[in-house]
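For reference, the structure is listed below as structure tokens.
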Amino acid sequence: MTALETKLQDCFILEPKIFEDHRGYFFESFNQNQFNSLTNTNARFVQDNESFSTKGVLRGLHYQTGEHAQAKLVRVIQGRVLDVAVDLRAGSPTFSQYVAVELTETNKKQLFIPRGFAHGFVVLSDTAIFSYKCDNFYNKESEGGIIYNDPTLCIDWQLAESSLIVSEKDLALPTLEAAKL
């Protein structure tokens with residue numbers, strides 16, 4: 001596995017070594033020791049989540065605050081998504097900047113999103129199965145979010161706004177300026 005630094009400090013794209021032959025493929029999707037060495041973190045994942053979505057579904061931008069903040073390691077099992085991480089760390093030189101990475105069942109890339117970031121994704125294929133590890137347990141009272149079309153972030157979700165499918169809950173999220181970080 002290799003780790004590629006993004007423009008956001010501590011946020012990495014991970015690319016596995018894939019072994020393919022006439023039978024199919026094999027790759028190691030996660031190795032705790034290798035992961036910690038490549039990302040220079042001590043993250044220990046305690047919860048795995050999976051979602052199934054159809055084309056145009058946009059989930060995000062979500063985060064957890066305080067002692068319940070979460071780092072995430074995300075990947076696509078089936079399909080293709082545009083995955084977005086936004087730096088919300090106070091004092092960070094890249095505060096309010098984002099990175100967008102296409103994760104697919106073919107490229108098998110993963111994105112490591114450290115604590116202090118908002119996260120979201122949009123499905124670009126007909127369907128997608130999205131999987132992510134979290135280093136802290138979900139806590140409803142600590143959840144926060146930013147509206148996906150925040151004018152200060154200017155995220156290009158690669159789909160027409162009219163084709164996006166966003167939950168009522170996510171449509172009610174505040175702008176970055178109004179969010180409780």
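The numbers here are math on the coordinates, done by the rules we state, and not lab data. Since the structure is predicted, the reported quantities are computational estimates derived from the model, not experimental observations. Cβ placement follows ideal geometry from the backbone for every residue including glycine, while neighbour counts extend to all protein chains displayed.
In region 45-171, what is the count of Lys pairs whose alpha carbons are under 18 Å apart, counting only pairs at least 8 residues apart or on separate chains?
Values: LYS72/LYS108; LYS72/LYS109; LYS72/LYS133; LYS72/LYS140; LYS108/LYS133; LYS109/LYS133; LYS140/LYS169.
Close lysine pairs under the 18 Å cut-off: 7.
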Residue-averaged [θ]222 nm for the chain, counting only DSSP H segments that reach four residues, each worth -39500 (n - 2.57): -1500 deg cm²/dmol
Go through region 1-73 and name the GluC sites (Glu not before Pro) that are in a DSSP coil and have 14 or fewer other Cβ atoms within 10 Å of their Cβ. GLU28
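By the gyration tensor of its Cα atoms, with a ≥ b ≥ c the square roots of the eigenvalues, what is the shape of the chain: rounded for a/c under 1.5, prolate for a/b over b/c, or oblate? Kindly include the intermediate steps, with their values, before the conclusion.
Numbers: a/c = 1.75, a/b = 1.24, b/c = 1.42.
Oblate, because a/c is 1.5 or more while a/b does not exceed b/c.
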Only Cα pairs under 8 Å and at least 6 apart count here; give the relative contact order of region 50-181 as a rounded whole percent. 37
The relative contact order of region 31-128, taking Cα pairs under 8 Å that sit 6 or more residues apart, comes to a percentage of 39
Taking a virtual spin label 7 Å from the Cα of GLU177 along the C-beta vector, which residues in region 115-155 bring their backbone nitrogen under 19 Å of it? 145-155
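I need PHE112, PHE27 ordered by Cβ neighbour count within 10 Å, fewest first.
PHE27, PHE112
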Please compute the contact order of region 56-111 in relative form: average sequence separation of alpha-carbon pairs under 8 Å and at least six residues apart, divided by the residue count, as a percent. 37
